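Report on the following structure.
The values are calculated or read from the model by the stated rules, or taken from the named source; none is laboratory data. No experiment lies behind these values; they were computed from the predicted model shown. Every residue, glycine as well, gets a Cβ built from its backbone with ideal geometry; the counts of neighbours run over all protein chains shown.
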Amino acid sequence: MLGTGTPNPFPERSGPGVAIVVNDEAYLVDFGAGVVRRAASLSPEYGGEIPGLAVEKLNHAFLTHLHSDHSVGLPDLLLTSWVAGRDRPLRLFGPEGTASMAKNIIAAYEEDIRYRLYSDQPANNQGWRIDTSEVTQTGVIFKDNNVTVEAFRVPHGSWPDAWGYRFTTPDKVIVISGDTAPSERLLEYAKGADILIHEVYSLEGFQKKEPRWQKYHAGNHTSTHELGALAVKARPKLLVLYHQLLWGSSHETLLREVREIYDGEVVSARDLDVY
């Protein structure tokens, strides 16, 4: 868990980011603020135990939707990994608009890229590039020897393109919701998963919000009881809560509320947790 946060700048929670690591290769889903430093902290160079999270090895990234809290770390992911030694383009997958975002980030940092390439500083001419694929339909979007990645649409307010992802590895199926209201399509892809990583908001905290915010969150996100009902049908081996909207409640409150509906194994993730 590279970040479990929300748009709110809580110092102990980086922006949303999950790394699925298979055979020392990392596949990132979303890249909020702080994602690269979180990855670095879990890598051997900085005292961690996961070689696949070495910053120069961050080669694959999947974006669920274009909200800033999920994507603001893209310049960091692109440029810091390049400076650290990544020598091939970043493979980037995301909804319509992702290619434009990538193109404009490169334009914004054009002078930095030019200086690093043509000054005395050693730099390769590939790691700053982005190979972007926009996700336009449900189904398999990427496959290599480690993972098969399927994309499926999720309802996130008025966003026309918001996606969840299902990763099938040699020994696990991992499903990541992204930001979503309750979704039958997500349920279809999550049934029987080894790990379901799902966003959530606290019902106790929800009662403290003013009516217009309650309307917004009810149409864009998933409550603890709604998630519990989905998990009853999906029966993942492990349900991981992330992107938690607490609003003054606690992780313990989230777990209690989910468990009022669902009796399976559930945890509320903190940054840097490993499952």
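Of note:
- Conditions (1) over 24 Å from Ile20 (Cα atoms); (2) touching a Ser or Thr at 6+ places or on another chain (Cβ under 7 Å); (3) not basic (Lys, Arg): number failed by His243: (1)
- Within region 48-67, at least one residue is under 29 Å from Thr138 (Cα atoms), of a type in the set (Ser, Thr, Tyr) and either out of contact with any Pro (no Cβ under 6 Å at 6 or more places or on another chain) or surrounded by fewer than 19 Cβ atoms within 10 Å (Cβ to Cβ) (or both).
- Residue match in region 38-46 (condition: touching a residue at least 40 places away in the same chain (Cβ under 8 Å) and either in contact with a His (Cβ under 9 Å, 6 or more places away or on another chain) or not hydrophobic (A, V, I, L, M, F, W, C) (or both)): yes
- Test: residue in region 88-101 that is buried (at least 21 other Cβ atoms within 10 Å of the Cβ) and among the polar types (S, T, N, Q): yes
- Within region 255-269, residues that are without any contact (Cβ under 8 Å) to a residue 24 or more places away in the chain reach partners that are surrounded by 20 or more Cβ atoms within 10 Å (Cβ to Cβ) and not β-branched (Val, Ile, Thr) with beta carbons closer than 8 Å, at six or more positions or on different chains, in the pairs Leu255/Leu241; Leu255/Ser268.
- Test: residue in region 127-149 that is hydrophobic (A, V, I, L, M, F, W, C), at pLDDT below 95 and within 18 Å of the chain's Cα centre (by Cα): no
- Residues located in region 258-271, provided they are in contact with a strand residue (DSSP E or B) (Cβ under 9 Å, 6 or more places away or on another chain) and among the aliphatic types (A, V, I, L, M): Val258, Val266, Val267, Ala269
- As a summary of the residue check, Val21 satisfies the conditions (1) under 11 Å from the mean Cα position of the chain (by Cα); (2) hydrophobic (A, V, I, L, M, F, W, C); (3) part of a strand (DSSP E or B) except for the one numbered (1).
- The helices (runs of 4 or more DSSP H) found entirely in region 70-152 that carry 3 or more residues being of a type in the set (S, T, N, Q) are 98-108.
- Entry remark, region 169-214: residues being within 16 Å of Arg235 (Cβ to Cβ) and either at pLDDT below 95 or of a type in the set (A, V, I, L, M, F, W, C) (or both) number 11 in total.
- Looking across region 41-91, the residues that are small (Gly, Ala, Ser) and closer than 24 Å to Tyr165 by Cα come down to Gly52, Ala54, Ala61, Ser68, Ser71, Gly73, Ser81.
- Scope region 151-183; condition touching a helix residue (DSSP H, G or I) at 6+ places or on another chain (Cβ under 7 Å) and surrounded by fewer than 19 Cβ atoms within 10 Å (Cβ to Cβ); matching residues: Gly157, Pro182
- Taken over region 3-18, the criterion of being of a type in the set (A, V, I, L, M, F, W, C) and either surrounded by fewer than 23 Cβ atoms within 10 Å (Cβ to Cβ) or farther than 23 Å from Asn145 by Cβ (or both) is satisfied by Phe10 alone.
- Filtered residues of region 184-211 (kept if free of Cβ contacts under 8 Å to residues at least 40 places away in the same chain and polar (S, T, N, Q)): Gln207
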